[in-house]
Amino acid sequence: MGDAPLPPCRIGGKWLFQDVGIPLGVSLLVELVGVYVIHGAGYPAHIKLAYGVVLALVAFLLTLAGSPQLRMAVWNYLGSERKTS
């Protein structure tokens, strides 16, 4: 017998975990480490802001590295931009 399609709740749960939960978890982990490192230190506001920007970039790159579909989409987009330029 053929494979029966998954019910919508199983598809939605898988999507929610893979495409939302994992990137959210990675971002929160990076930011928690950042808050732990910078909190309470006597750094000026502009250093804390720069540190936050770096942490956001790190979180984005880790999310990109952990998502093969997103990584492929970015590479395809960048490749198509180079061809048209």
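Just so you know, all these numbers are worked out from the coordinates, no wet-lab data involved. Here the structure is a predicted model, which means the values were calculated and not measured. Virtual Cβ from ideal backbone geometry, glycine too; neighbours counted across all protein chains shown.
Some points to look at:
- In a reduced charge model with +1 at each Lys and Arg Cβ and -1 at each Asp and Glu Cβ, the stretch 9-84 shows a dipole moment near 220 debye about its Cα centre.
- Of ILE47, GLY79, THR63, farthest towards positive along the dipole that unit charges on Lys, Arg, Asp, Glu beta carbons give the stretch 9-84: GLY79
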